[in-house]
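Every number here is computed from the coordinates shown, using simple stated rules; none is lab data. Please read these numbers as outputs of a predicted model, since none were measured by experiment. Don't worry about glycine lacking a Cβ; one is built from the backbone with ideal geometry, like all the others, and counts go over all protein chains shown.
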Amino acid sequence: MPELPEVEVTRMGLAPSVEGRRIEDVRIRTPRLRSPLAGLREHLCGRIVERLERRGKYLIWRCRDECACTGFLVTHLGMSGRWRIWPLPAPEPGPHDHVDLVFSDCLVRLTDARRFGDMRWFDDDPGRHPPLNALGPEPLDAALTPGAFARRLRAHRAPVKEVLMAGRVIAGCGNIYACESLFEAGIHPARAASRISEARCERLLAAVRAVLERAIAAGGSTLRDFHGVSGENGYFALEAGVYGREGRPCPRCGAPIARIVQAGRSTYYCPHCQR
Ligand SMILES: [Zn+2]
């Protein structure tokens with residue numbers, strides 16, 4: 001499942017091929033993903049993609065038209081989506097290839113077998129509307145200070161893992177990265193966020209950043225995959241300390257990794273190292 005690092009690597013992979021380029025045509029083969037796709041063609045055809053941005057797990061295509069009016073295409077990869085770039089002429093689309101954005105010499109194609117992805121148009125800043133207006137600060141944004149993160153986190157009484165994943169204290173920290181960050185910071189996933197000391201909260205933010213940056217760096221080495229010339233697998237495996245490793249030895253102390261279910265999701269942790 002694509003998480004923040006996959007979306008960031010997708011952004012870096014697509015940007016050189018689409019930024020500053022005009023969308024010549026839009027081909028839509030599916031009436032809807034998570035929301036209807038009708039109308040997207042009218043909004044996008046003839047627009048120039050000014051910049052590709054990311055917010056949490058959302059990719060934001062900042063566009064302008066000939067009158068320099070700005071608009072925004074907000075896309076989400078859902079459970080199984082991925083974008084790929086094909087030089088023209090592109091291969092015939094398969095059954096899961098829902099949308100092509102066509103440029104003068106290439107197209108970018110959204111493939112999504114499970115159809116939980118999303119594409120929506122906004123005429124003004126999407127950060128002021130759902131779903132983006134509910135997102136907390138970007139974890140990698142230097143403007144988020146450790147002190148501010150600690151204050152935000154400690155305002156919640158729920159288990160820290162659930163608070164991280166809810167996305168309001170910090171954006172885009174999905175299941176894998178929440179588990180790995182808590183392991184790295186030595187914090188038990190079921191501990192109430194309000195009962196974590198300020199110093200440990202600050203250590204947690206450093207861990208979130210380190211884990212995300214490692215994953216982005218690992219994914220950056222697979223950038224050529226966006227050009228459709230190599231493997232099928234666009235997602236990359238983080239070298240997990242605890243995630244998916246129930247019963248196997250903790251890399252730090254050797255105790256068996258435990259699994260619990262929190263808010264319907266599996267949490268992996270070391271009962272010895274995480275307090
Ligand atoms: Zn351990």
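Pairs of alpha-carbon atoms within less than 8 angstrom and 6+ residues apart define the contacts here; what relative contact order does the chain have, in percent? Relative contact order here is 17 percent.
If packing is taken as the mean number of other Cβ atoms within 10 Å per residue, what is the order of 128-140, 170-182, 8-20, highest first? Show your work: numbers first, answer last.
Values: 128-140: 15.0, 170-182: 24.3, 8-20: 18.4.
Packing order, densest peptide first, comes out as 170-182, 8-20, 128-140.
For segment 119-169, chymotrypsin sites (Phe, Trp or Tyr not before Pro) are listed when DSSP marks them as loop and at most 14 other Cβ atoms sit within 10 Å of their Cβ; the list is empty.
If neighbour count is taken as other Cβ atoms inside 10 Å, put M119, M165 in order from fewest to most. Please list the in-between numbers first.
Working: M119 25, M165 22.
Fewest to most other Cβ atoms nearby, the residues stand as M165, M119.
When every Cα-Cα distance of the chain is counted in 10 angstrom steps from zero, the calculated P(r) takes the values 7, 28, 31, 21, 11, 2, 0 percent.
Label-to-label distance for E92 and A206 is 5.7 nm, based on points extended 7 Å past Cα in the beta-carbon direction.
What shape does segment 1-98 have by the C-alpha gyration tensor, where a ≥ b ≥ c are the square roots of the eigenvalues, rounded means a/c under 1.5, and otherwise prolate means a/b greater than b/c and oblate the rest?
Numbers: a/c = 1.34, a/b = 1.12, b/c = 1.20.
Rounded shape, in that the Cα axes give a/c under 1.5.
Subtract the Cα-Cα distance of E66 and R115 from 0.36 nm times their separation in residues, and report this length gain in nm to one decimal.
Working: separation 49, 0.36 × 49 = 17.64 nm, distance 3.25 nm.
Full-extension gain reported as 14.4 nm.
Relative to the longest principal axis of the Cα atoms of the chain, the long axis of helix 4-18 lies at roughly 20 degrees.
To the nearest 500 deg cm²/dmol, what mean residue ellipticity at 222 nm is calculated for the chain from DSSP H runs of n ≥ 4 alone, each contributing -39,500 (n - 2.57), summed and divided by the residues? Display every interim value, and only then the final one.
Working: 6 runs with 70 residues, N = 275.
Result for the chain, helices only: -8000 deg cm²/dmol.
Treating r as the C-beta distance of R34 and S266 and R0 as 41 Å, the FRET efficiency rounds to 0.95.
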